[in-house]
Amino acid sequence: LQNMKHRWRVEPAPDGLATTGPIVDAMLVAPKRVAAHEPVGVRMMIDTGATSSCVAESLLIAAGHRPIRTIAIIGVSGKAEEYPVYRVGIQLGLDDPDTRRPVLVTLEAPVVGMPVSLLGVDGLIGRNFLRHAVFTYDGSLGEFELNFESARTGRTKREPVRKRRSGPGRRRGKDSGA
């Protein structure tokens, strides 16, 4: 997933992004260890306030996905309600900056099945998915970006990976008394 990113622009800027939100077209696909299902195209809003990603349950059922457990969620009503959780791959079309070609990136994540579509979209991409990416929201330009350049290391390019030595072979500084 390193160096995979995509920038979206919502017109008219900046009001378009403020009105509609950061929405992406995605595909729901079967996880690797599950019998293949037909991919389902969905429109999903990126929601940094959502702990879990969620999708209209009718779409998950129609695609042949089966729930793996349930989870209690407290929504805007303030009451805890039980919802089914599915293991699903969320697939996005991103750009490889090295080759300048589009690539499909799939991340598996638990997805909560919601009883209806929300806010005119089929689901929400929550923090359980976003934890693998850098999400940039530039309201003044009407743009947002998902960047997976740091997906393997957990760091961005601005934060270099420091190599650490550990164990008996670890070197100590000259003044450490070793």
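The values are calculated or read from the model by the stated rules, or taken from the named source; none is laboratory data. Here the structure is a predicted model, which is why all the values come from computation and not from measurement. Ideal geometry is used to build each Cβ from the backbone, glycine not excepted, and the neighbour counts take in all protein chains shown. Just the protein is used for accessible areas: all its heavy atoms, side chains included, with ligands, DNA and RNA removed. Shrake-Rupley method; radii C 1.70, N 1.55, O 1.52, S 1.80 Å.
What the table below lists for this structure:
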{"item": "Karplus (6.51, -1.76, 1.60) ³J(HN,Hα), θ = phi - 60°, over the range 111-116, in Hz, Gly and Pro reported as x", "result": "10, 7, x, 9, x, 9"}
{"item": "Under 5 Å, built H, 5+ apart or other chain: amide partners of Thr70", "result": "Val85"}
{"item": "Two-site label geometry, Ile74 and Val116: point separation in nm, points 7 Å out along Cα→Cβ", "result": "2.3"}
{"item": "Formal net charge of residues neighbouring Lys32 (Cβ-Cβ distance under 12 Å; K, R +1; D, E -1)", "result": "+1"}
{"item": "Label-point separation in nm, Glu38 to Arg66, each point 7 Å along Cα→Cβ", "result": "2.0"}
{"item": "Calculated FRET value between Ser58 and Val103, using beta carbons and R₀ = 25 Å, to 0.05", "result": "0.25"}
{"item": "Solvent accessible area, Å² - Met44, 1.4 Å probe, full protein context", "result": "0"}
{"item": "Computed lengthening from Arg127 to Asp96, 0.36 nm per intervening residue step minus Cα-Cα distance", "result": "8.9 nm"}
{"item": "Net charge over other residues, Cβ less than 15 angstrom from the Cβ of Ala13 (K, R count +1; D, E count -1)", "result": "-3"}
{"item": "For the range 121-147 and the range 92-109, distance of Cα centres in Å", "result": "15"}
{"item": "Local net charge near Met45, Cβ-Cβ under 12 Å (Lys/Arg +1, Asp/Glu -1)", "result": "-2"}
{"item": "Largest to smallest accessible area among Lys5, Lys79, Lys32 [probe 1.4 Å]", "result": "Lys32, Lys79, Lys5"}
